[in-house]
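Quick notes on the structure that follows.
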Amino acid sequence: MRKTIGFLTVTACLLAAPDAKDRKEAAERLTSASAALSEVLSGGDKGIPQDLLEKAQCAVIVPSMKKGAFIVGAQYGKGFITCRGAGDRGWSTPAAIKVEGGSVGFQIGGSESDVIMLVMNQRGMDKLLQSEFTLGGEGEVAAGPVGRQATAQTDAKLSAEILSWSRSRGVFAGVALKGSTLRSDKGENEVLYGKEMDTKDVIMGKVAATKEGRQLITTLSSHSPVERH
């Protein structure tokens, strides 16, 4: 009986372990996040304002976030978060996250959208580093302004902890993500980094970035200084 139980336990562990297909899909998703971010940051007057990017504490990228075809208002996506480190550490190793539910502003067209969020202060960063966090409180999240400069935008947008945008079919616009829940994707982190880790552990530098993760870091670093002023 003990041998049988031991065999079943080992078999279950092997079945649960990430395989080559999982790793390939996770790497491709990270590459897609980097490509989407690069295109948006290179958008000039149709992209994210430079001054907001330079002030941001963290960036969240969810490539090809999907809208449910049969359930009204259902959204789901898998993406990554990276935050600025202390001193010369620059942008952190990307941690995998899931986004579920809420309103993601698909009114700009299409059933899939690339979603990008900038976390503008330490308080917002602390919330997103929790294992689960639902957007929606007053002042927490607002649709981000589009263009080179944000100084002409309203105080409400500039005082939000998190600013968010969505891109679908080439159209880029600010959207409110109220009601959306962000969760740590420990399974995806295990696929990428070899062990289950929550968002905070990855962001705090307990694991090195993959090749695809380094590309995302390079993309952000090329558009925003390593050290914040």
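The values are calculated or read from the model by the stated rules, or taken from the named source; none is laboratory data. The model shown is predicted, which means the values in this text are computed figures rather than measured ones. Here Cβ is always computed from backbone atoms with ideal geometry, including for glycine, and neighbour counts include all displayed protein chains.
Pairing each residue of the stretch 35-47 that is outside any loop (DSSP other than H, G, I, E, B) and small (G, A, S) with any residue that is at pLDDT below 85 and buried (at least 17 other Cβ atoms within 10 Å of the Cβ), provided the two are 6+ apart or on different chains, yields C-beta distances under 9 Å for A36/S64. Scanning the stretch 165-188 for residues that are at pLDDT 85 or above, in a strand (DSSP E or B) and not aromatic (F, W, Y) yields S166, R167, T181, L182, R183, S184.
Scanning the stretch 47-83 for residues that are at pLDDT 80 or above and farther than 19 Å from R183 by Cβ yields G47, I48, P49, Q50, D51, L52, L53, E54, K55, A56, Q57. Restricting the first member to the stretch 51-74 and to residues that are surrounded by 16 or more Cβ atoms within 10 Å (Cβ to Cβ), and the second to residues that are modelled with pLDDT of 90 or more and of a type in the set (G, A, S), the beta-carbon pairs closer than 6 Å and six or more apart or on different chains are I61/A33; I61/G79; V62/G79; P63/S32; P63/A33; P63/A36. Within the stretch 171-214, if we keep just the residues that are touching a Gly at 6+ places or on another chain (Cβ under 7 Å) and hydroxyl-bearing (S, T, Y), the residue that is surrounded by the most Cβ atoms within 10 Å (Cβ to Cβ) turns out to be S180. Note on the stretch 189-200: among residues that are outside any loop (DSSP other than H, G, I, E, B) and aliphatic (A, V, I, L, M), the one that is nearest to the chain's Cα centre (by Cα) is L192. Quick test of your reading of the structure: I217 fulfils all but one of (1) modelled with pLDDT of 90 or more; (2) in a helix (DSSP H, G or I); (3) of a type in the set (A, V, I, L, M, F, W, C); (4) surrounded by fewer than 17 Cβ atoms within 10 Å (Cβ to Cβ). Name the failing condition by number. Status for I217: all satisfied but (4).
Counting only residues that are in a strand (DSSP E or B) and modelled with pLDDT under 95, the stretch 84-96 holds 2 of them. Residues that are crowded, with 19+ Cβ neighbours inside 10 Å, more than 21 Å from T31 (Cβ to Cβ) and at pLDDT 90 or above: does the stretch 130-153 have at least one? Within the stretch 130-153, none of the residues are crowded, with 19+ Cβ neighbours inside 10 Å, more than 21 Å from T31 (Cβ to Cβ) and at pLDDT 90 or above.
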